Amino acid sequence: MESGRQNRLKIASRPWNGETLVEDKEDKRQAKQEEQPRIGVYVCHCGLNIAGSVDCADVAKYAATLPNVVLAQDNRYTCSDQGQAGIKKDIKEQRLNRVVVASCSPRLHEPTFRKACEDAGLNKYLFEMANIREHCSWVHLYDRESATDKAKDLVKMAVAKAALLQPAKEAEVPITRKALVIGGGVAGIQAALDLADTGYKVYMVEKEPSIGGMMARIDKTFPTMDCSICILAPKMSDVGHHPNIELLTNSEVAEVKGYIGNFHVKVLKKARYVTKDCSACGECIKVCPIVAPNEFDVGLATRHGIYTPFAQAVPSTYIIDMNLCLNKEGIITCDKCVKACDRQAINFDMKSETEEIEVGTIVVATGADVFDPSVLPNYGYGKYPNVITSLEFERLINAGGPSAGHLLRPSDKKIPKRVAFVQCVGSRSDRAGKLYCSNVCCMNTIKDSLLIKEHWPDTEIYVFYVDIRAFGKGFEDLYKRARKEGVVFIRGLPAEIRENKKTHSLWLIGENTLKREIYRLNADMAILSIGLESRKDSEMIQRLLTLSRNQDGFFLEAHPKLRPVDAATGGIFFAGCAEGPKDIKDSVTQASAAAGRAGILMAQGKVTVEAITPLPFPEKCKACGLCVKVCPYNAITLDKEKKRVEIIEAACGGCGTCAAECAFGALTQNHFTDDQINAEIDAITEKDADKKTVAFCCNWCSYAGADFAGVSRMQYPPHARIIRTMCSGRVSQKFVERAFARGAAAVLVSGCHIGDCHYINANVQTQKRVERMWKKMEQNGLNKARLQLLWASAAEGEKFASKIREMEKTVANVKPEEIEKAKQVFKKALEES
Amino acid sequence: MPERIRHPPLDKEKMEKPETEIHLIKDECKGCGYCIEYCPRKVLEESDEINARGVHPPRIVDGSKCMDCGFCTAVCPDFAIFVTEKQKGEEKKHA
């Protein structure tokens, strides 16, 4: 590995002389003939996805006229086996030494085509992609002419960059064969057990005193009506006893550093004040004077200051709630529990500690919160005692719960005769709650109604719904069974719930939308079927692990279809409701998938990292140390004696912000060199520059957001041409100046939101640079609206699209004098290169 | 667990809180204030009156908050405070 790194360093510092890195003699002979770039361009129709709004044949014809292009063709599916075979054949027969594919987003198929190139003996860094689907055909569906023109520009940019591409060898990074699972719900439990059974060491971090999560609180599961805790408890116990699992409960992840295969994680283990000697005999709770509502039972039962949340808790060790205990740090005023404990397991001197662990992969299984219906005043939750949530119902119907399995009305503790369920509380609503369907509530209600029927067959049950979604295996049968048992389903949610002040019975008033009549139903109890929402602290996890979340707050997968459990950040995987609301079966399935994906990485034991590290030109370096300051990874050090900087490649994340900061051109970034990006800018601005916007997008957020706008077919005007960089921190002032100097109407710099940067905080530099540019533009009397800065996440396609729409006015209103003035002001930018 | 608790516990009535009586021997107090300082429930505060030793003895703010931990008894250097448990059914007296 070490030699690989050195090797790459050598290659990197050697000026490009036209030789590829292939070792075989035969290939070397071929390489000699390849001193001039020979570019092959493939324009993909993608069925009608691209060809529907772009004239692909015309684009290919145009591509053939571009410099260095020896071959240009259009075909229906370039990513198909035949398409790839064609590229491989041409690389060999036509001696192509660069390949450009104009098709979909490189975030989707770049790996596919890179692999095809490698198979044909071409270094994969000699491949370039033009995104004419997500960034062109899909967003300009009804403007074939402009879309075709834009596609030509995008191909021209790719060809211009391709001519300057250089081969590179990737460094290999070893992967620590240990995994971290964040969250101890059923998803986390399954993922941890699968990984541990495969033979990897697993750390499981759970912030509650016990693992088990939401499933431990549910009475029965649908559609099979299994007892939830009965099937979960053995798994929890397995986690507790597994030799490969280290269970850290009452703990939180405090810091995550490093990268795929090599994460350094700090876990804050909060003090429990009870040692492992605890035998869970329960003598202490008999004497503890403190009484509080038990959170596990949603406050429907009490617990003491020293407690265990539920009987099957793992670990079974008790815990002291220090917020309530009479004792404060250093002062023991009440020692009743200490005296009651035979095994002397209580220790008030315990301190919170931080454990540092090294892991190779991370599974995020942090779960979901439930919607709080007290924000809906018309349902009276929190005001009327007999309006409860479905989660409270689960605790009430549970034999181990606060009412020992009797469904009691909170107001008089009597068993209700008429029960109403209200569906979609907090889901599928643009007025109150969330827009999405929470996936589990319909079946949960059907299951709950059957449970009531099972215990008290005479109970009248009414379910008020919008749509019943019984889509899964065995779901429809359960729905039919509920109807057969006499559960009444009424379409139309109640507009209001009113209470009879004397009896605390309820009136549900609304419209039956099937019969088109108003109903007024009397019920003893109403159960609000509350939806799931993302964890309130998921923002913290997002920042710790540099993840993305969608507009609903759930973590965003790398690809919705093909990489549904991978995070965009390497080595991180999702399981369970953290990624989106799902039932137990789906959570378990996804957890096993995540464990499998993490297992693949760890079984390989190594991973290659992209060769996108800095490329130094020591002769130009003035040892000013600016690059050292901006590097988010401390991967650059300044050697004051030798007056030069040194780069620690293994620590480099590949953002390129050092290259953007260097004022002397002594540093650039492999595969995103100044020359390559300049070539792209020049390609855009060669023709009709005054009608175009040069847009810089970072790979992880704004480029992905632009992709999302395409996938969602959000239409926006065709003036923008996107240049992809890994991070917005790569966007040097020189690039912006060059775009204006070449007469561009506007420039857009976009990246991840501050705090969400994929490269820790490199986008802070972006902000500084753009602000500096604005100042410069203002001082020179230029309209600074021509330079825009946009923070857009991968889920904010609409935000990106509306920015482009907004900028259309700026582009249209730019006067020729203004363009000319900017050209004059920034003309130095052209001289430098 | 992040849910907000909206309903009182069903077994609330069954839970017994120790009923205590706090006895102050005011003239023994030398006003060190330890009992006030260390009471975990902040049951006591300094009063305005002046006792035989010329200091302000403590006063009971809210006796119902007392959990009978007995720390005030243990910490008082002058044996001027002690707590007894009230017998059940006994009429509430103001200490």
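Key figures
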item: Probe 1.4 Å, protein heavy atoms only - accessible area per residue of chain A in square angstrom; result: 42 Å²
item: Reduction of at least 10 Å² in accessible surface, 1.4 Å probe, comparing all protein chains with the chain by itself, residues of the range A:304-332; result: A:H304, A:L326, A:I331, A:I332
item: Förster radius 51 Å - calculated FRET efficiency between B:A52 and A:S237 (Cβ-Cβ, nearest 0.05); result: 0.20
item: Out-of-range pairs (alpha-carbon distance over 26 Å; input A:K92/A:K124; A:K124/A:K734; A:K270/A:K447); result: A:K124/A:K734; A:K270/A:K447
item: Degrees separating the helix A:475-484 axis from the principal Cα axis of chain A, which is the longest one; result: 30 degrees
item: All lysines inside 29 Å of B:K26 as judged from Cα atoms, apart from same-chain residues fewer than 8 positions distant; result: A:K328, A:K336, B:K17, B:K42, B:K65, B:K86, B:K88, B:K92, B:K93
item: Burial of 10 Å² or greater, the range B:23-52 residues [accessible area, probe 1.4 Å, versus chain by itself]; result: B:Y38, B:P40, B:R41
item: Accessible area buried, both sides summed, chains B and A with 1.4 Å probe, Å²; result: 2600 Å²
item: For A:Q190, net neighbour charge (Lys/Arg +1, Asp/Glu -1) across residues whose Cβ lies under 15 Å away; result: -3
item: Long-range HN-HN contacts of A:V274 with modeled amide H, under 5 Å; result: A:I320, A:N347
item: Accessible carbon and sulfur surface of chain B relative to its total accessible area, %, 1.4 Å; result: 50 percent
item: Cα gyration tensor shape of chain A, rounded if a/c is under 1.5, else prolate or oblate by comparing a/b with b/c; result: prolate
item: Angle between chain A longest axis and helix A:702-711 axis [Cα atoms, degrees, rounded to 10]; result: 80 degrees
item: Between helix A:816-825 and chain A: long-axis angle, C-alpha atoms, 0 to 90°, nearest 10; result: 80 degrees
item: Packing-based ranking, highest mean first, of A:44-55, A:571-582, A:85-96 given that Cβ atoms within 10 Å are counted; result: A:571-582, A:44-55, A:85-96
item: Phi to ³J(HN,Hα) by Karplus 6.51 cos²θ - 1.76 cosθ + 1.60 over the range A:392-406, Hz, x for Gly, Pro; result: 5, 4, 4, 5, 5, 7, 7, 4, x, x, x, 10, 6, x, 8
item: GNM result for chain B, Cα springs below 10 Å: residue of B:G33, B:G70, B:G54 fluctuating most strongly; result: B:G54
item: Whole-percent carbon and sulfur share, accessible surface of the range A:590-729, 1.4 Å; result: 54 percent
item: Global geometry of the range A:583-704, whether rounded, prolate or oblate, following the gyration tensor of its Cα atoms and the 1.5 cut on a/c; result: oblate
item: Of A:K692/A:K784; A:K220/A:K502; A:K692/A:K823; A:K775/A:K815; A:K207/A:K351; A:K692/A:K828, pairs whose Cα-Cα distance is over 23 Å; result: A:K220/A:K502
item: For peptides A:649-658, A:373-382, A:150-159, A:293-302, sequence by mean Cβ density within 10 Å, most packed first; result: A:150-159, A:649-658, A:293-302, A:373-382
item: Theoretical ellipticity at 222 nm over the protein assembly as shown - DSSP helices of four or more residues, -39500 (n - 2.57) apiece, nearest 500; result: -9000 deg cm²/dmol
item: 3J(HN,Hα) from dihedral phi, the range A:89-95, Karplus parametrisation 6.51/-1.76/1.60, rounded to Hz, x for glycine, proline; result: 4, 5, 4, 6, 6, 8, 6
item: Centroid-to-centroid separation of the range A:141-190 and the range B:1-69 [C-alpha atoms, Å]; result: 65 Å
item: Span from the the range A:198-237 Cα centroid across to the the range A:301-319 one, whole angstrom; result: 16 Å
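The values are calculated or read from the model by the stated rules, or taken from the named source; none is laboratory data. Keep in mind that this is a model prediction, so the values were computed, not measured. Virtual Cβ from ideal backbone geometry, glycine too; neighbours counted across all protein chains shown. Please note that ligands, DNA and RNA were not included when accessible areas were found on the heavy atoms of the full protein model with its side chains. Shrake-Rupley method; radii C 1.70, N 1.55, O 1.52, S 1.80 Å.
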